[in-house]
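Following: one structure in C-alpha cells, then a few remarks.
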Amino acid sequence: MMHDVRDAPDPMEESALHDLVEHYFRASFTTENPIITEAVKRMLSAGGKRLRPRITLLAVQACGGDAVSALHLAAYMELIHVATLIHDDVVDRAATRRGVNATAIDFGNRTSVLAGDYLFAWIFKNVTANYPPPIPQVLSTTLAEICDGEVLQLHALGDLTTTLDDYLAIARRKTASLFAAAAECGALVGGGSPEQVAALRGFGEAYGVAFQMLDDLLDLTGESAALGKPVGNDLAEKKMTVPLILALARGDSAFRSAVRSFFTDASVPVERIIEAIERQGGVDATRDEIARHLALAKVALQPLPPSTAKQRLSGLADALLE
C-alpha cells in the first residue's frame, strides 16, 4: 500500500536521527567478543558521515514510516561498511584509516580479518532474527556483490585497458550496492510500495556510484589530513580510478607511457601523474560524471510523494556536488 506523506507532520530533524545512530554506537553496540567490540568501536570513533544509515532512515520516512523503529537496521548498514573497511585495510596493507591507525596496525592482520568476518556474521544473525524477508536476502546479496567488486578491482590493478564501463561494473558492486541496499531496506521497513522501493534503490545506486567517483577524485585533489591517508594513495596502489581512466581515454601515447612507467617504477613521483591526469582532462571529466550520476539519483526520487525526507535525500545529492 502506498503511503502519502504530504500531510504528515514534519519528520524528526535529520541531526536528531544522526544523534540516535551515534548514541546507539556509543551506548548500546556490543558483541559477545570484547576484542572485536573494541576493534569496531575504534573504527566507529574515528569518524565518518554515517551516510548509509542516514539514507536508510530517510528512506523509511519518505515512505511514511517511523525512522526510530528502524534505528538498529540503519546501524547495521554502517557496521557492514565498517566490516568491509577492516578487510580493505588488510588487503591494501593500509597504515591509516580516517586519520588513525588502521585496525590491522593495532590488532594485527589475523585478528582484523577474523573481526571483519565475525562482524558480518553478527550482523546477519541479528538481521535474520529481527527482520522479515526480503531484507535478509537483500543484505546477503549485497555482501556477495561487495566481495565480487573487490575481486574485480584487484584483477584490474594496473590494467591500462580498463574502460569506464569496467569501472562502473566495479563501483556498482563494491560501493553502490550497499547504498542501494540501505535505501531499499529503509523503504521496505517504511512500508513503501514496489514502485517506491525501486525508486529508492535506484537513488542509492546512482548516489553510490557518484560517491565512489568523488572518493577517487579526492584521492588526487584532496589534502592528506582531510583524507586520512596520503594523497595519491589509490594511484600508488595501481587502482584504476575514474580520473585516470577518463584521462587515458583522452590522453596521447606519451601520457599512457608515463602512467605505465609510474606503475612499474616506484621512483616516479605520484605528483607528476596527478598533474598529468589534470592536463589530460581527467579531473574535469570526473566532475561531469559525478554530476551526471547525481542527476540520475535525483530523477530516481520522482515517484515518491512530496515530503521533507524526500527533500533531504535530494539534498544529500546536492551536498555531494558541493
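Read-outs throughout are calculated quantities, based only on the coordinates presented, and are distinct from any laboratory measurement. Everything quoted here is computed from the prediction, not taken from an experiment. For neighbour counting, all protein chains shown are included, and Cβ atoms are generated from backbone atoms with ideal geometry for every residue, glycine included.
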What does the helix-only formula give at 222 nm for the chain: each DSSP H stretch with n ≥ 4 adding -39500 (n - 2.57), the total divided by the residues, and the result rounded to the nearest 500 deg cm²/dmol?
-22000 deg cm²/dmol
Residue among L51, A70, T96 farthest towards the positive dipole end of segment 50-109, charges placed on Cβ
L51
Any idea what angle helix 51-62 forms with the longest principal axis of the chain, computed on alpha-carbon atoms, 0 to 90 degrees, nearest 10?
40
For the chain, take the longest principal axis of its alpha carbons; what is the angle in degrees between that and the long axis of helix 194-221, to the nearest 10 within 0 to 90?
30
Taking Cα atoms only, helix 308-321 is inclined relative to the longest principal axis of the chain by an angle, in degrees rounded to 10, of 10
In whole angstrom, the spacing between the Cα centers of segment 183-205 and segment 114-151 equals 18
Choice from S253, S193, S45 with maximal GNM fluctuation in the chain (Cα, 10 Å cutoff)
S253
Of E289, E184, E223, the most mobile residue in a GNM of the chain (C-alpha springs, cutoff 10 Å) is E223
Can you order the peptides 87-97, 254-264 by their average number of other Cβ atoms within 10 Å per residue, highest first?
87-97, 254-264
What size of dipole, in debye to the nearest 20, comes out for segment 14-321 about its Cα centre when the only charges are +1 on Lys and Arg C-beta atoms and -1 on Asp and Glu C-beta atoms?
320
Per the Kirkwood formula on distinct C-alpha pairs, the Rh of the chain is how many angstrom?
20.4
Rg to Rh for segment 66-142: what is it, with Cα atoms only and Rh by Kirkwood?
1.05
Considering only the other residues whose Cβ falls under 11 Å of the Cβ of A285, what net charge follows from Lys and Arg at +1 and Asp and Glu at -1?
-1
Net charge of Cβ neighbours under 11 Å - reference F107; Lys, Arg +1; Asp, Glu -1
-1
Do the alpha carbons of any pairs in K174/K310; K49/K125; K125/K239; K125/K174 sit beyond 32 Å of each other, and which pairs?
K125/K239
